[in-house]
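Bear in mind that the values in this text are calculations on the coordinates, not laboratory data. Being a predicted model, the structure only gives us computed values, none of them experimental. Note: ideal-geometry Cβ built from the backbone for every residue, glycine included; neighbour counts use all protein chains shown.
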Amino acid sequence: MRRLVSETTLRPRQLILPMFVAEGLEQPRPIASMPGVVQHTRDTLRKAAVDAVNAGVGGLMLFGIPAKRDAEGSGGVDEKGILNVALRDLRAELGDATVLMADTCLDEFTDHGHCGVLDADGDVDNDATLRIYAEMAVAQAEAGAHVLGPSGMMDGQVGVIRRALDEVGHSSTAILAYASKFASAFYGPFREAADCAPSFGDRSAYQMDPPNAREALAEITSDIDEGADAVMVKPAGPYLDVLARARERFDLPLAAYQVSGEYAALHAAADRGWLDLRRAALESLTGIARAGADVIVTYFALDAAAWLAER
């Protein structure tokens with residue numbers, strides 16, 4: 001009876017699995033703060049991606065960790081850079097069997113860890129960064145990404161990327177805009193996973209201020225006007241109110257990112273016997289879907305797909 005009248009249904013096809021691939025690894029490298037998550041080699045990435053597709057996960061979001069970084073994040077543009085090489089690997093392995101997404105941001109590739117290039121005063125230069133994002137987007141589309149995820153929160157990034165893609169014939173490559181990405185404390189474990197913590201300062205100058213929900217909706221509106229195909233709220237759990245308000249206002253596909261800190265916190269509590277991991281993880285994902293997310297990016301994606309299959 002409960003199943004029959006359930007108002008919210010969670011399915012594996014709604015889940016996107018983030019994956020990390022690191023240049024130069026011979027074996028996968030576990031991420032201490034994120035149990036079960038690793039930096040993959042190119043070979044183990046392919047195998048793990050096939051496993052995720054076979055489990056019914058709806059898509060994969062790829063992050064690359066280069067062996068060398070520079071101030072311009074040139075590894076993100078280089079067709080031989082680890083992220084673009086890995087995208088080609090997965091597209092060759094999987095074809096169109098799943099939705100292949102790429103993180104279109106420079107923080108993993110810059111030696112200072114910020115999401116854009118810096119000006120002479122050490123501030124992030126928004127417009128100079130946009131020019132690199134355009135190159136990066138084209139490189140990722142040509143490497144095989146179906147969807148690009150500009151996550152840097154630079155003003156105008158969606159419009160610049162859309163024009164760059166269209167100009168070279170990649171008009172069918174979609175943009176999942178990180179339209180409402182907050183300057184959150186919950187990103188800590190990700191920065192270990194991607195080795196991308198800022199070497200100075202923080203990202204609050206270009207990410208959203210946590211108290212501001214109306215501003216978040218304005219940011220979403222701007223990205224839709226610039227041509228986004230779908231929009232995202234990040235993090236998910238602490239911002240369910242923003243997610244729900246976005247669902248009421250906008251008709252585009254709406255995504256939410258259950259970030260590394262949310263994942264790590266549930267694991268830490270479960271390790272101490274304070275909660276049941278399976279029940280807590282599925283409850284948290286159901287809450288995100290109930291708030292209005294069509295798509296959920298989560299490190300629980302593979303486990304959740306297995307748990308849902310057992311119901």
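Key figures
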quantity: Cα-centred dipole magnitude for the chain, charges only on beta-carbon of K, R (+1) and D, E (-1), debye, nearest 20; calculated: 1440
quantity: Antiparallel bridges, percent of DSSP beta bridges restricted to the range 1-119 (to nearest 5); calculated: 10
quantity: Antiparallel content of DSSP bridges confined to the chain, in %, to 5; calculated: 10
quantity: Over the range 12-310, relative contact order from alpha-carbon pairs under 8 Å, at least 6 apart, %; calculated: 18
quantity: Sites residue 290 and residue 121 - FRET efficiency at Förster radius 45 Å, r taken between beta-carbons, to 0.05; calculated: 0.50
quantity: Calculated Cα Rg over 2.2 N^0.38 Å (choose from (i) 0.99; (ii) 0.94; (iii) 1.21), label; calculated: (ii)
quantity: For the chain, built as a Gaussian network whose Cα springs stay under 10 Å, the top-fluctuating residue of 33, 172, 74; calculated: 172
quantity: Backbone HN-Hα couplings from phi across the range 59-67 [Karplus 6.51/-1.76/1.60, Hz, Gly and Pro as x]; calculated: x, 10, 10, 9, 10, x, 10, x, 6
quantity: Difference of contour (0.36 nm per residue) and Cα-Cα distance, residue 167 to residue 142; calculated: 7.7 nm
quantity: Between the range 1-54 and the range 259-277, the Cα center-to-center distance that results, in Å; calculated: 17
quantity: HN-Hα J in Hz across the range 151-157 - Karplus 6.51, -1.76, 1.60, θ = phi - 60°, x for Gly and Pro; calculated: 10, x, 6, 7, 5, x, 5
quantity: Cα→Cβ-extended label distance, 7 Å offset, between residue 279 and residue 209, nm; calculated: 4.1
quantity: Difference of contour (0.36 nm per residue) and Cα-Cα distance, residue 67 to residue 271; calculated: 70.2 nm
